[in-house]
Amino acid sequence: MSNIKEYLTNDHRRCDDVFAKMEDKANNKLSDAKELTLEFIADMERHFQREERIVFPEFETKTGMINGPTEMMRQEHSQMRNLMQQLLGAIENDDKDKFFGLSETLMILLQQHNMKEEQMLYTMAQQHLSAEAQRIVEMMDSLVVE
Amino acid sequence: MDFNGLSIDQAPPISGPLRFFITAPLFGIMAGVMLLFSDSASLMSRYSMDAIVIVHLITIGLFGFIMLGALTQMLSVLAGANIPKVKLISSLSHLFLLVGLVFMVFGLQESNSIALEFASLFLGSGFLCLILPMLYAISRVQHFTASVKGMRVSLLFALMIVLMGVYLLYGYSQNNITELHAIVANIHSVWAVFGFAGVLIIGVAFQVLPMFYVAPRFKQFCKKRVVLLISTGLFIWMFLSLYAEEYALYAKLWIVTFFWAFATTVWIKFNKRKRPISDVTVWYWRAASIFLTLGSFLWIFDEFFKHQYIVMVGILIGGGFILSIMLGMLYKIVPFLVWFHLNAEGYMTIPTMNEMINKNLSRAQFVLFIAALIGFVFAFYMPMVLFPSAVAFIVSMMLLEYNVLAPVWIYIQTKKRKPDFDMSSFSMTN
């Protein structure tokens, strides 16, 4: 059976792995980490869009909560998007201290965000949308990132 | 349905946890100053007044304050649990504990019974007015993770040790030290270390290590059973030490096995973590594993030597394990809270977390702290080591205070200056 919570939680862990690889590469030589940083940003963007374009609207329609938790999550997404762009800037300027300062901040922001989603939002989404879970997971699978 | 856990409007205001974090190192400094003027022989007895005062300045003032401050923050993030009226409750609790601790120090030093009565009243209400609402908030959580269960068990132990502490302090105030007093004191201390602090750290580690360090996850057995097994061990130990003391060692072995296993697991997980970073928090976790291992073995060993090493066990486990983890956590949580609140309020041109605390100062703080701990252990054999160790401890606590205040200063300055081109007018939180 398709499970929204499991699907998105696995997505989190996948992004964490790429993040760790990116940091590892940057630790050796910052300029070599550009490719992995772009890959990380792309993975994160795909995950954000799976939520913002598919799961959040479905959740909002079903529960009627428009300015609730999903709005808060969108705001944190925008905080993260901003930090990720700054990561690329640090690579351009070859500023390792800045890069790791940003990556650390991003990591903590990301993980406390993930905890809130996994602990609360996904569990609720799965409960409210269990009948449509199959369709929603398929939509997430075939999403084309804008 | 309760969605509040996901809203920053409902998250505790930054002043809640920071209030506790800023005060904590001051008690560390105070404990260090008292160590300077203490006689090392009297410190070797766990029931000397000097030892009790210094221990409580550290356990209540330093790690109690850090744990409570962190819990006000973590409950909403880790558990989605919201403490009712958190701003009011955390400031009241902070004030009561502060006043209570000062009364306690004064009362015990001067054997002043009125001060001790006030101390038990203020400390008791200070702890309860935060612990009870936290337990209430957790009781409303619908989806329990291993970490949330750990927090709940830990808070239940906290509730019991606070009640025992109130009883003990009241006993001193009435100068009524019965046989029961020593028994309760023993349970109070063991449950505080392993039940409250130990279980809390283990519970939080289940979630924090895999997530923040991208370390391998804990096995289901650990997450599902360990907290229960430890708590059972602590209850069995209590009954045995009350009714069949000769067998209490077995319960101790039971408890120690899990803590030693935890220490080893933490070490291995850090070896296997995917993130390459190695900052002072990683050093603190590593140090904590080593000290916990040494302390656990010594606790068993001590049983065969008429408890003459019990103070050393306290230094290794209380200072080396619990305090190390608390301090390591502070280095993450304070800069993050400052960054997060400023960023969410729309200030975009702010330093990153790593730029808020000077790396060299945090390293110096770590080195001095560990050196002081090792010195305290050796002071057992060489009393002259006590003085330099106490000095190292005081300096490390002063550095800690500075390192906590540095991000707070950035927060205050940023809010005051309101840099150009920020987005604070569009903030969701103003």
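Under the rule of -39500 (n - 2.57) per DSSP H run of 4 or more residues, summed and divided by the residues of chain A, what mean residue ellipticity at 222 nm is obtained, to the nearest 500 deg cm²/dmol?
On the way: 7 runs with 110 residues, N = 146.
-25000 deg cm²/dmol, from helical runs alone.
How tilted is helix A:69-92 with respect to the longest principal axis of chain A? Cα atoms for both, answer in degrees (0 to 90, nearest 10).
The angle comes out near 20 degrees.
When you look at the Cβ of every residue in B:204-212, what mean number of other chain Cβ atoms sits within 10 Å? Could the numbers behind the result be given before it?
Values: counts 0, 0, 0, 4, 2, 0, 3, 11, 7.
Whole-number average of other-chain Cβ neighbours for B:204-212 is 3.
Quick check: from the Cα gyration tensor, does the protein assembly as shown come out rounded (a/c under 1.5), prolate or oblate?
Prolate is the answer for the protein assembly as shown, as a/c is 1.5 or above and a/b outweighs b/c.
May I ask you to derive the relative contact order of region A:4-141, considering only C-alpha pairs under 8 Å and at least 6 residues apart, and to give it as an integer percent? Walk me through the intermediate numbers first.
Working: 88 pairs, mean separation 52.0, N = 138.
Once normalised by length, the contact order is 38 percent.
Using only the Cα atoms of chain B, build the gyration tensor, take square roots of its eigenvalues as a ≥ b ≥ c, and label the shape rounded, prolate or oblate: rounded if a/c is under 1.5, else prolate if a/b is larger than b/c, else oblate.
Verdict is rounded for chain B.
Using Cα atoms only, what is the angle between the long axis of helix B:227-243 and the major principal axis of chain B, expressed in degrees (0 to 90) to the nearest 10?
So the helix axis and the longest Cα principal axis differ by about 20 degrees.
Among A:Ala20, A:Leu87, A:Phe56, pick out the residue whose Cα is farthest towards the positive end of the charge dipole of region A:4-141, where Lys and Arg carry +1 and Asp and Glu carry -1 on C-beta, about the Cα centre.
A:Phe56
Say the dipole of region B:8-413 comes from +1 at the beta carbon of Lys and Arg and -1 at that of Asp and Glu; which of B:Val391, B:Pro351, B:Met326 then lies farthest toward its positive end?
Going by the charge dipole, the pick is B:Pro351.
Does anyone have the angle between helix B:15-36 and the longest principal axis of chain B? Alpha-carbon axes, 0 to 90°, nearest 10?
The angle comes out near 40 degrees.
What percent does the relative contact order of region B:7-103 come to when contacts are Cα pairs within less than 8 Å and at least six residues apart? Don't jump to the answer; show the numbers that get you there.
Values: 77 pairs, mean separation 39.5, N = 97.
RCO, region B:7-103: 41 percent.
Taking Cα centroids, how far is region A:1-73 from region B:34-94 in Å?
Spelled out, the Cα-based centre of one part sits 38 Å from the other.
Can you classify region A:4-141 as rounded, prolate or oblate using the Cα gyration tensor, where a ≥ b ≥ c are the square roots of its eigenvalues, rounded means a/c under 1.5, and otherwise it's prolate if a/b beats b/c and oblate if not?
Note, shape of region A:4-141 comes out prolate.
Tell me, what is the percent relative contact order of region B:8-413, built from C-alpha pairs under 8 Å that lie six or more residues apart?
It comes to 17 percent, rounded to a whole number.
Which of these, B:Leu292, B:Leu156, B:Leu323, has the largest mean-square fluctuation under a Gaussian network model of chain B (Cα springs below 10 Å)?
Comparing B:Leu292, B:Leu156, B:Leu323 in the GNM, the peak value goes to B:Leu156.
Placing +1 on the Cβ of each Lys and Arg and -1 on the Cβ of each Asp and Glu in the protein assembly as shown, which of B:Ile410, A:Ser103, B:Phe258 has its Cα farthest towards the positive end of the resulting dipole?
Result: B:Phe258.
Mind putting a number on the dipole of the protein assembly as shown about its Cα centre? Charges go on the C-beta only, +1 for Lys and Arg and -1 for Asp and Glu, and I need it in Debye to the nearest 20. Intermediate results must be reported in sequence, preceding the final value.
Numbers: 44 positive and 45 negative charges, 106 e Å.
Rounded to the nearest 20 debye, it is 500 debye.
Ignoring the sites themselves, what is the longest stretch of chain B with no trypsin sites (Lys or Arg not before Pro) in a DSSP loop and at most 11 other beta-carbon atoms within 10 Å? Working shown, then result.
Details: sites that count: B:Lys85, B:Lys219, B:Lys272, B:Lys306.
The answer is B:86-218.
Here, each number is a calculation from the coordinates, and none is a lab measurement. What you are looking at is a predicted structure, and each value in this text was computed from that prediction instead of being measured. Every residue, glycine as well, gets a Cβ built from its backbone with ideal geometry; the counts of neighbours run over all protein chains shown.
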